[in-house]
Amino acid sequence: MGNSYYERRIELLQERMTRANVDAFFTLAAPTMRYLTGFTGEEGYLLALQGGVHLVVDGRFTTQAREECPWVDVIEYTGHFSGSIASLLVASHAHWLGFEKERVSFVQAEQMRAAFPSVTMVPTESVVEGMRVVKDSHELDMMRAAGRVADRAFNAMIGRLKAGMTENDVAALLEYEMRKAGAQGSSFSTIVGSGARGAMPHGVASGKVIERGDVIVIDFGVSYEGYMSDCTRTVALGEQPSEVLDVYAKLRGAQQLGLDCIKAGVSSRSVDTAVRGNLGESGLAQYFTHGLGHGVGLEIHEAPRLSQGTDTVLEPGQVVTCEPGVYLPGRYGMRIEDSVIVTATGFEPLTELPKELVLP
Ligand code: ZN
Ligand code: ZN
């Protein structure tokens, strides 16, 4: 990827800094740094000024930072990073230092206030997250690639899933196939919930042995070039009672309804409302105990949310999940999740996995 994307992002950041009434912006959040500069190290400190961007790192990351982002001034610090930032702030005559209030702990904020006496600290909200909500064409290409890698990994795993394996076996096999398919790893701890454990929406894989007849919820994602995929499939080993087939059919219908509601201009809450209403008609709404979906990108959970708690208007280039679930405590759980790109007329799916419940 050329540096024109990053230059554009820095320009946009500088415009947003002006609107936030700050003349300097500081971050220590890895996703923020990666988005603004391309730096993939897990530790660093970025200071953006109207005159340019400075990345302050320790000796472990100097070579990497200079290679990954030659368009940024990379400074290697010894001792404490705050000395380098403080010097830059004084030299630039900055007065108002914006920091990301959701990503800085109280202790860190107090330390910065003491270390940067030349500026007033200004808590900011979503300065960079707001830029990241709509993905640019490079990001969408990475998200599409992440989806394809995830599909390949799942297809390689599912052919070998059988009774007698533990949930951990299934998660390990899937994560192995993710790496083999080209991912740098999983985007979160793989969820494998079989039988009654499937009724815990976020129960990570355990040592439970999967038995014939179990309904199994598998929620997984890859990390690919920094971008996350997110997909859930529910599968069953062997014949299922008609009640289970019926509940699954209703859930699948509700998930499709949610997808069909997604397009630019639509209220994000209204998509959740439509799916919840549909499940209500089936008598299942009380078993759907979380929001319908969330944004995904450099982080697994981002804006916008598709839930009753928040509302926003969907825009082309956003990537959101649609993941209704039905959880019957003590019995079984089911969830179907797709990640899609919002378009002017609808959506583009990022995963193409089948949604048949019973494995052949
Ligand atoms: Zn998921
Ligand atoms: Zn999700």
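Within region 299-332, the residues that satisfy the criterion of being in a loop (DSSP other than H, G, I, E, B), away from ligand 1 (no atom under 16 Å from the Cβ) and open to solvent by less than 60 Å² (accessible area, probe 1.4 Å) are Thr312, Leu314, Gly317, Gln318. Screening Ala236, Ala172 for residues that are open to solvent by less than 50 Å² (accessible area, probe 1.4 Å) and more than 20 Å from Gly297 (Cα to Cα) leaves exactly one candidate, Ala236. Listed by first and then second residue, the pairs with beta-carbon distance under 7 Å, at least 6 apart or on different chains, first residue in region 324-345 and outside the structural domain of Leu279 (by TED's automatic domain parsing), second part of a strand (DSSP E or B) and more than 11 Å from ligand 2 (Cβ to nearest atom), form an empty list. Pick out the one residue from Ala285, Ala264, Ala274 that is modelled with pLDDT of 95 or more, in contact with a Lys or Arg (Cβ under 6 Å, 6 or more places away or on another chain), away from ligand 2 (no atom under 16 Å from the Cβ) and at negative phi. From the options Ala285, Ala264, Ala274, the qualifying one is Ala285.
Does region 9-20 hold any residues that are without any contact (Cβ under 8 Å) to a residue 40 or more places away in the chain and either of a type in the set (Lys, Arg) or open to solvent by 60 Å² or more (accessible area, probe 1.4 Å) (or both), and which are they?
Quick first cut of region 9-20, residues without any contact (Cβ under 8 Å) to a residue 40 or more places away in the chain only: 11, 14-15, 18-19.
Once the filter is applied, which keeps residues that are without any contact (Cβ under 8 Å) to a residue 40 or more places away in the chain and either of a type in the set (Lys, Arg) or open to solvent by 60 Å² or more (accessible area, probe 1.4 Å) (or both), region 9-20 yields Glu11, Glu15, Thr18, Arg19.
Taking (1) part of a loop (DSSP other than H, G, I, E, B); (2) farther than 19 Å from Pro304 by Cα in turn, Ala264 satisfies each apart from (2). For region 311-321, check the following and say yes or no: at least one residue is out of contact with any strand residue (DSSP E or B) (no Cβ under 6 Å at 6 or more places or on another chain) and either within 16 Å of ligand 2 (Cβ to nearest atom) or modelled with pLDDT under 95 (or both). So far as region 311-321 goes, no, none of its residues is out of contact with any strand residue (DSSP E or B) (no Cβ under 6 Å at 6 or more places or on another chain) and either within 16 Å of ligand 2 (Cβ to nearest atom) or modelled with pLDDT under 95 (or both). In the condition set (1) within 16 Å of ligand 1 (Cβ to nearest atom); (2) out of contact with any helix residue (DSSP H, G or I) (no Cβ under 9 Å at 6 or more places or on another chain); (3) not hydroxyl-bearing (Ser, Thr, Tyr), Ile191 is compliant with all but (2). The set of residues from region 128-145 being farther than 26 Å from Glu76 by Cα and not in a helix (DSSP H, G or I) comprises Val133, Val134, Lys135, Asp136. For region 83-129, a residue qualifies if it is among the hydroxyl-bearing types (Ser, Thr, Tyr) and open to solvent by 20 Å² or more (accessible area, probe 1.4 Å), and the qualifying residues are Ser84, Ser87, Ser92, Ser105, Ser118, Thr120, Ser126.
The strands (runs of 3 or more DSSP E) located wholly in region 194-249 that include 2 or more residues which are modelled with pLDDT of 95 or more, more than 16 Å from ligand 2 (Cβ to nearest atom) and touching a strand residue (DSSP E or B) at 6+ places or on another chain (Cβ under 8 Å) occupy 215-220, 231-236.
Only one of the numbered conditions (1) over 27 Å from the mean Cα position of the chain (by Cα); (2) assigned to a helix (DSSP H, G or I) is violated by Ala109, and that is (1).
Looking at region 21-37, is at least one residue part of a helix (DSSP H, G or I), out of contact with any strand residue (DSSP E or B) (no Cβ under 6 Å at 6 or more places or on another chain), crowded, with 18+ Cβ neighbours inside 10 Å and small (Gly, Ala, Ser)? Yes, there is a match, as at least one residue in region 21-37 is part of a helix (DSSP H, G or I), out of contact with any strand residue (DSSP E or B) (no Cβ under 6 Å at 6 or more places or on another chain), crowded, with 18+ Cβ neighbours inside 10 Å and small (Gly, Ala, Ser).
Take the conditions (1) in a loop (DSSP other than H, G, I, E, B); (2) open to solvent by less than 20 Å² (accessible area, probe 1.4 Å); (3) polar (S, T, N, Q); Ser189 misses just one of them, which is (2). Only one of these is buried (at least 17 other Cβ atoms within 10 Å of the Cβ) and at pLDDT below 95: Val72, Val56. Name it. Being buried (at least 17 other Cβ atoms within 10 Å of the Cβ) and at pLDDT below 95 holds for just one of Val72, Val56, which is Val72.
The values are calculated or read from the model by the stated rules, or taken from the named source; none is laboratory data. Treat the numbers as computed from the prediction; the structure is a model and nothing was measured. Virtual Cβ from ideal backbone geometry, glycine too; neighbours counted across all protein chains shown. The area values use the complete protein model at the heavy-atom level, side chains included, leaving out ligands, DNA and RNA. Shrake-Rupley method; radii C 1.70, N 1.55, O 1.52, S 1.80 Å.
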